[in-house]
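*Asks:* Pasting a structure below so you can have a look.
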Amino acid sequence: MEGSGSMGKINELFASEIKVINMGLVSFAKDLKEQKINVIHVDWKPPAGGNQKMASLLAKLKGK
Amino acid sequence: MSLGLEVRKGAYYDSVTLMRISKEVKKMDGIQEVLVGMGTELNKELADNLGLCHGGIKDVGPSDFFIAVLSDEDRMEAVVKKVDELLNKKQESDMGDYTPPTLESALRHEPSSNMVLISLPGRYAFYEAKKALEEGLHVMLFSDNVTLEEEKELKDLAKEKGLLMMGPDCGTAIINHVPLAFANVISKGPIGIVGASGTGTQEVSVLIDKLGSGISQVIGTGGRDLKKEIGGTMMIEGIRALAKDPETKVIVLISKPPDPEIAEVVLGEVQRSGKPAVINFIGSDGQLIHQYGLVPGWTLEDTASKAVALVKGFEIKDTLGISQPEKEIEDLVAQTAAGLRSNQKYLRGLYTGGTLCDEAIKLISSMTKDVYSNIPMSSEYLLENIHQSYKHTCIDLGDDDFTVGRAHPMIDPTYRLERLMREIEDDEVALILMDFVIGYGAHPDPVGEMLPGIEKAQDIKQKKGFGPCFIASVCGTDKDPQSLEDQEEKLRKAGVAVMPSNAQAVRLAMKILEAIS
C-alpha cells in the first residue's frame, strides 16, 4: 500500500511541485496564489443546505 | 435606534472574509453594531449578545448568510450595498480563476493536484479530508472541532495509503518551501521539523533562519498526535519521511510532553533514522531524550540554536541567556525598574501564540509559581474569569475560550486590543509582554493594530506620571510579507523593548520583576 518503489508517497511529494486544492478560508488560497503556487480554490457550500441530518444520510447513500 | 436584518438563503462565505467585512461596515457612519455571518447557532448567539436580537434571526439556517445591523437610523440599504461591494471586490481580487464547487470537480479540473488544504467548519472537515485521502491526496487539516475518533480514522487511513494527514488543528506546515496556512518565509536548508504545536514550530523555524541556516520540510501533525489515542501516527510517519529525505541532515521535533509510552516510540523512531536530532517536548526534563542519545531543546530558541549547531558542527551548548551585551541589559533593567512605582508589581502577558504563552508560563514559574492563566501549569492558577487578569497573568488569546464566534487573534487582533486597553488602566501592572506572529496567514500588520493601545498607555503615563512598560518579540523573518524589520521598528518607535525571541523577551521581563521585588 505504500507508495511506488522504496521511496514512499510522502518522499515522492518532497520531490514534486506542490499543487494545492484549497477548501475553506479563501485567504489561504490568495496567499499561495501571491507566491505563484499552483492553487485551485473550491467554492464550497455546506452539503444538503447545511442540514446535518440530511448530509449524513446523503453521505451514507454514497457509501462514504 | 434601528435594527435591520437581511438574509440570503444558501449563500456561503468563509468566516475570515465575513469577519473582515464586519469590521469594514462597523466603520461606517451611524453604525453601532453589525454582524455579517453565516447563520450558525454560534453566530446567532453572538448576534444576540451584541444586541442584534432581531425577531427574524431565529429562522436563519446554517447555510444562510445574514447581515444584522444596529444603527442610529435605518441605514440598511447603505450597509447592504457596502457588503455587496466588499464581497464582489474580495472575490475579484482573491481568485479570478475558476472555482469549482466540490473536491471532485477541482480534481477533474486539475488532476495533478497533490495537496488539499482544508479549513472548513469542523463538522464538515472530516468528510472532506477522508474523501481527499481516498483520492490519494495529502491533506493539511487546519480545522479544529474534529473528534479524536475521526482523527484516528483519518490518520490510520493516511498511514495505510502512505499519505500525509497533517492535523486536525494543524496551523503550520512548509512543504517543499511552500508555506501552508500560518507559516513564515524561511530559507532553504538542512533542518527538517515535525511539529505538534503551531506557533512553537513557527518560532523554531524563524530562529533557525535568523541563525543563518534553513529548513528542508516542516511537517505539522496537530496538537493531539502524541496522545495515546492517536499513538503519534503522523509524527512517526513524518520522522520516517525525513529519515529518507536526502535534503534533511538534522531532525527537530516539537511537541507538548507526549504520553510516556508514545514518547518512547517516537524517540526510538528518531534514533533509528540515524540522523542527529533535537527534541523539544516543551517543559519536559529531557531525561528520556538523553537516554535515546538525542539532544533536548529547553526552549524554542535553544532548540533552534542546537539544531543549527548540529548542522554547522559547533559544540552543542545551552542557549539560555539574553544575546544583547550584559551591561546594556543591566542598564535597561535598572532604568525600567526606576520608572515603576512600588504598587506596580505585576506582569501581563497577552499572547496570540499558544506555545509561546506556554513557554512564558514555564520560564516564569522557575521564579514564581504565581502565574495565572487560561492555560496554567496547575489548576490552582486557572483564572476565575479569563477576561479579567489577576496578579501575574499570561493568557493564550488563541485558545478556544476566546475564539468562539471570532477569528484567531493572529488574524483578528480586536480582542487583544480591547484587553490591552483594560490592562493599561490597571495601576498594579508593571509590564506588558506581547508576541507578534507574522508570515502568511497572519494579519497584514499585527503591530499596527496594537499601536493605539501602546500609544494610549504612553499618554496615561504622561498624565499620571507612571504606567506599564512594554516588552515584545516578533516571530517572523524579513522575507515575510509584513517584514520583521518594519514590525520591530514600529514597536521600538512606540517605546517597546523588542527582543529577538520569546524566551529572551520573557527573561528580560523576569529580570525587571526581580529588580522590583
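*Asks:* Restrict the check to the stretch B:180-193 and report whether at least one residue is surrounded by fewer than 24 Cβ atoms within 10 Å (Cβ to Cβ), part of a helix (DSSP H, G or I) and either more than 15 Å from the chain's Cα centre (by Cα) or within 12 Å of another protein chain (Cβ to nearest Cβ) (or both).
*Replies:* Within the stretch B:180-193 (the criterion being surrounded by fewer than 24 Cβ atoms within 10 Å (Cβ to Cβ), part of a helix (DSSP H, G or I) and either more than 15 Å from the chain's Cα centre (by Cα) or within 12 Å of another protein chain (Cβ to nearest Cβ) (or both)), the answer is no, since none of the residues qualifies.
*Asks:* OK, next. Is it true that B:Leu211 is surrounded by fewer than 22 Cβ atoms within 10 Å (Cβ to Cβ), of a type in the set (A, V, I, L, M, F, W, C) and not assigned by TED's automatic domain parsing to the domain that holds B:Met377?
*Replies:* yes
*Asks:* Also, quick follow-up: Search the stretch B:392-414 for residues that are within 18 Å of B:Gln202 (Cβ to Cβ) and pair each with any residue that is part of a loop (DSSP other than H, G, I, E, B) and of a type in the set (S, T, N, Q) when their beta-carbon atoms are under 8 Å apart and the residues are at least 6 apart or on different chains.
*Replies:* B:Asp396/B:Asn374; B:Leu397/B:Thr352; B:Gly398/B:Thr352; B:Asp399/B:Asn374; B:His408/B:Thr352; B:Pro409/B:Thr352; B:Met410/B:Thr352; B:Pro413/B:Thr352
*Asks:* Look through B:Leu347, B:Leu253, B:Leu267, B:Leu356 and report the one residue that is at pLDDT 95 or above and in contact with an Asp or Glu (Cβ under 6 Å, 6 or more places away or on another chain).
*Replies:* Step by step, each of B:Leu347, B:Leu253, B:Leu267, B:Leu356 is checked, and only B:Leu356 is at pLDDT 95 or above and in contact with an Asp or Glu (Cβ under 6 Å, 6 or more places away or on another chain).
*Asks:* Just to be sure I understand, how many residues within the stretch B:95-125 are in contact (Cβ under 8 Å) with a residue 60 or more places away in the chain and either surrounded by fewer than 18 Cβ atoms within 10 Å (Cβ to Cβ) or at the interface with chain A (Cβ under 7 Å from one of its Cβ atoms) (or both)?
*Replies:* Of the residues in that region, 3 qualify.
*Asks:* OK, next. If you check B:Ile411, B:Ile454, B:Ile395, B:Ile432, which single one turns out to be surrounded by 20 or more Cβ atoms within 10 Å (Cβ to Cβ) and within 18 Å of B:Glu489 (Cβ to Cβ)?
*Replies:* Residue meeting the stated conditions: B:Ile454.
*Asks:* Quickly run through the stretch B:171-210 and pick out the residues that are modelled with pLDDT under 95 and farther than 17 Å from B:Ser501 by Cβ.
*Replies:* Result: B:Gly171, single match.
*Asks:* Okay, next question. Return the only residue of B:Tyr346, B:Tyr381, B:Tyr351 being without any contact (Cβ under 8 Å) to a residue 40 or more places away in the chain and either touching a Pro at 6+ places or on another chain (Cβ under 6 Å) or crowded, with 18+ Cβ neighbours inside 10 Å (or both).
*Replies:* Of the residues listed, the single one that is without any contact (Cβ under 8 Å) to a residue 40 or more places away in the chain and either touching a Pro at 6+ places or on another chain (Cβ under 6 Å) or crowded, with 18+ Cβ neighbours inside 10 Å (or both) is B:Tyr381.
*Asks:* Something else now. Based on this model, can you work out whether B:Glu110 counts as modelled with pLDDT under 90 and charged (D, E, K, R)?
*Replies:* Answer is no for this residue.
*Asks:* Pairs, please: C-beta under 6 Å, at least 6 apart or cross-chain, first residue in the same structural domain as B:Glu203 (by TED's automatic domain parsing) and in the stretch B:146-175, second in a helix (DSSP H, G or I) and of a type in the set (Phe, Trp, Tyr)?
*Replies:* B:Val146/B:Phe126; B:Glu150/B:Phe126
*Asks:* So in the stretch B:130-151, with the set limited to residues that are more than 21 Å from B:Ala183 (Cα to Cα) and within 24 Å of the chain's Cα centre (by Cα), which one is farthest from the other protein chains (Cβ to nearest Cβ)?
*Replies:* My answer is B:Leu148.
The values are calculated or read from the model by the stated rules, or taken from the named source; none is laboratory data. In this text, all values refer to a predicted model and were calculated from it rather than measured experimentally. Please note: Cβ atoms are built from the backbone with ideal geometry, for glycine as well, and neighbour counts cover all protein chains shown.
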